[in-house]
Protein chains: 2
Amino acid sequence: MSKKVTVLGAGLVGTLLSIFLAKRGYNVHAYEGRPDLRKSQLEGGRSINLALSHRGLKALKAVGLEDEIKARCIPMPGRMIHDTAGNLDFHPYGKEGQFINSVSRSGLNELLLNEAEKAGVYLHFEHRCTRVDHQTTTAYFTTPQGSIEVNSDFVFGADGAFSALRNSFMRTDRFNYEQHYITAGYKELHIPATTKGEFAMDPHALHIWPRGKFMLIALPNLDKSFTVTLFLPFEGENSFASLQSPDQVLTFFNREFADAVPLMPDFVEDFFSNPTSGLVTMRCYPWVKQNCALIGDAAHAIVPFYGQGMNAGFEDCHVLNQLLEELGTLNAEVLSRYQEMRKPDAEAIADLALYNFIEMRDKVADPKFVLQKKIEKRLNELYPNQWLPLYSMVTFSDLRYSEALEIGRKQQKIMDKVMEQESLEEHWQSLDFESIVRQL
Amino acid sequence: MSKKVTVLGAGLVGTLLSIFLAKRGYNVHAYEGRPDLRKSQLEGGRSINLALSHRGLKALKAVGLEDEIKARCIPMPGRMIHDTAGNLDFHPYGKEGQFINSVSRSGLNELLLNEAEKAGVYLHFEHRCTRVDHQTTTAYFTTPQGSIEVNSDFVFGADGAFSALRNSFMRTDRFNYEQHYITAGYKELHIPATTKGEFAMDPHALHIWPRGKFMLIALPNLDKSFTVTLFLPFEGENSFASLQSPDQVLTFFNREFADAVPLMPDFVEDFFSNPTSGLVTMRCYPWVKQNCALIGDAAHAIVPFYGQGMNAGFEDCHVLNQLLEELGTLNAEVLSRYQEMRKPDAEAIADLALYNFIEMRDKVADPKFVLQKKIEKRLNELYPNQWLPLYSMVTFSDLRYSEALEIGRKQQKIMDKVMEQESLEEHWQSLDFESIVRQL
């Protein structure tokens, strides 16, 4: 008889993991605390769209979903920078033909739920996991029909940043754990389609209004609206604490994001009715205790600034699937190799995501930074196999996050020296690019 | 009517805090999950003796307990280093007349409980706090008589490393938290008094058997026994995992701690019946939400290697008392200044304690390290106001832990250079000490 696997969470990572395991012949039951989102309209306050890039797409391709996904994607080949005067400046993310994708969280989840059912996964909604006994591989749930307990051969916690499996691990000895909130929070706003039913801005870009300590961003949706997110410190001069009245909000937006204001008819109302949320990085270890394992956000919740949260979770599933391919069957060795391999990569993307907030809110508006990116782009064009910019390594390649981070640090050291040169803006085209690359 | 203060925990820090507050006229109720230790023999697996030094003594003195405490202290003016051949080497901790004290945890706790009652503190035993609602300052307890809830003006969580107040803070937004276990654990053993009723070793020292990655230590008790603690990695060559049979334990002890073996008649039995425990550092912030505040281990549990856990908790109480003295009444400002002042000091002593494991288990056996300490001792003798060794700043002074750490780092940089000199062992007495001190 095939081994029984309990997957906690039928969100993005839980469903994808379930599909991978079901396709390998496991008897997979996925338990989700919320109702079936295909039958309800509740978004639960979560961000409406996400950035899907190479790592996530690769994992989806491995379960045969490439074409279905692509139809739901809006390509974003670069950042569109908005200055305070409303001037626009487009910065491509990579080479011609490279882009990240704006995709609906709920749309993608629906697709994965349907595919999971096709693959034979048993889905159980409104089953909220309260705890897991890792020694007996027993998961306990509350359901509308009362409490139940489920025994299985393996339990995966794909139940997100507030994972019940991780909370159970917390009560065991020698479990390392960290949750750290940055000093900024976020609030979602909305740019609807125009009265003519068109996108109010260029949909083929991730729009950023970088303002130093805070920023506004916007990602396109298939219905021609944009989901807008304000990232702002909780306390201080320009902060959620300082924006208490509609007048204050209006004044702040007119000063900082004037060109966005006419596109957001309800933003003052939205500002006061939508929640303000914190931004947390969670790190823990071990991810595995006996036959129970954490995966995705449950193992490594990160801040959203590199657009890699979902991609990292999907890559977890893909790596686990490759280990199963290699070693044949789900067992202690597979789980142990999975956590040993992925932990340094999770640490790396957590650090990269924290760093990228500074890049997005501040550096993209700095001419020196823009020049550096230009020089790195040229280096990549001249030496495509030797110099891949950090963003491209993270977003458009298979390189391990930990390797990308390490190479990125080396590149930054080299570029720090290059950027020290005077009047570089005028003569950068005549730099000795070969000698720069040779320093790597 | 005087304000009501709920103190969670009637351990060392909870009782001392209660005394300080009761003496200021607050209506203090202290709630302890365990039974009254004055009426039971249960030690609950906690270490039997502790190192009490200047900071702790200063706080106890402030509530008038100096004399009572001193009668219960065994002075330890230095470390007694045991090598594998059984040779002894005594390293004084500070100057002539400076010492740390071995004190019984339960004896000290009894004294503090009695004093708390004298000061008018209401003690409630077998009241286990399950959670605190910080917005209403309500604490919930389970008791042998059922569940109760307690409202008060202020709640202090002095309930240790697994604090119920901190767990309640964990469920609120934007609470930073970290728990990190080192790779070694510990197990307590015992050296009884001799058949003649004497100490089996010199009682006026903290005995250390430093062995690189692991160590044994022993502190004297008033009943002429020693509490012995083995600190050993959980995994690897010499580890708890590798010591599975009585033979393995015996062989290991005979090889590593031969001179201690004849003093511990029951150590093999103790080894298998006593628990193996982990060693954790816990950091969190904020410590204060509305009128609820964390204090002692609940705010900053540290590893035991600097002998400062209790001292740091007592200093928290003393600092809070000084703020009350200064500002007049317990309020939001006092709590806010308390956490802002103590957080950097808690971080510093947490780092110092982690570092000191390396010093105790490894460096004290290194002739170069011993020489460095000798040189620093001379520097202190020559320039007592300019050069205070780090250990002395932490243990025998009032200097903030954070300042001690900073000065200690500067000193280490200077000493690293001094120690680079060849044949220093022969000519160190003729060093230009003044020029060394001037670098500070």
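Numbers below:
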| item | result |
| --- | --- |
| Cβ-defined net charge surrounding A:I295, 10 Å radius [Lys, Arg +1; Asp, Glu -1] | -2 |
| Value of relative contact order over segment B:1-102, rounded to a whole percent, pairs C-alpha under 8 Å and six or more apart | 22 percent |
| Contour minus Cα-Cα distance for A:F272 and A:Y122 (0.36 nm per residue) | 50.0 nm |
| Antiparallel %, DSSP beta bridges [both residues in chain A], to 5 | 75 percent |
| Peptide A:281-289 - average C-beta neighbours from other chains (10 Å radius) | 1 |
| The protein assembly as shown - share of DSSP beta bridges that are antiparallel (%, nearest 5) | 75 percent |
| Computed label-point distance, nm, for sites B:D202 and B:E325 using a 7 Å Cα→Cβ extension | 3.7 nm |
| Virtual spin-label span in nm between B:A258 and A:L222, 7 Å along Cα→Cβ | 7.8 nm |
| Tensor-based shape of segment B:115-214 (alpha-carbon gyration tensor, a/c under 1.5 rounded, otherwise prolate or oblate) | oblate |
| Distance (nanometres) between label positions extended 7 Å along Cα→Cβ at A:E422 and B:L424 | 4.4 nm |
| DSSP-defined beta bridges in segment B:27-151 - what % are antiparallel, rounded to 5 | 90 percent |
| Separation between Cα centres of segment B:357-378 and segment B:144-186, rounded to whole Å | 38 Å |
| Given chain A, longest segment not containing exposed loop GluC sites (Glu not before Pro) (DSSP; at most 15 other Cβ within 10 Å) | A:238-419 |
| Eligible lysines near A:K410 by straight Cα distance, threshold 25 Å, same-chain separation 8 or greater | A:K95, A:K343, A:K363, A:K368, A:K373, A:K374, A:K377 |
| Average other protein chain Cβ within 10 Å of Cβ, residues B:180-192 | 1 |
| Calculated FRET value between B:I358 and B:R337, using beta carbons and R₀ = 30 Å, to 0.05 | 0.30 |
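Values in this text are rule-based calculations from the coordinates and carry no lab data. This structure is a prediction, so every number in the text was calculated from the model and none was measured. Quick reminder, even Gly has a Cβ in these numbers, built from the backbone with ideal geometry, and neighbours come from all protein chains shown.
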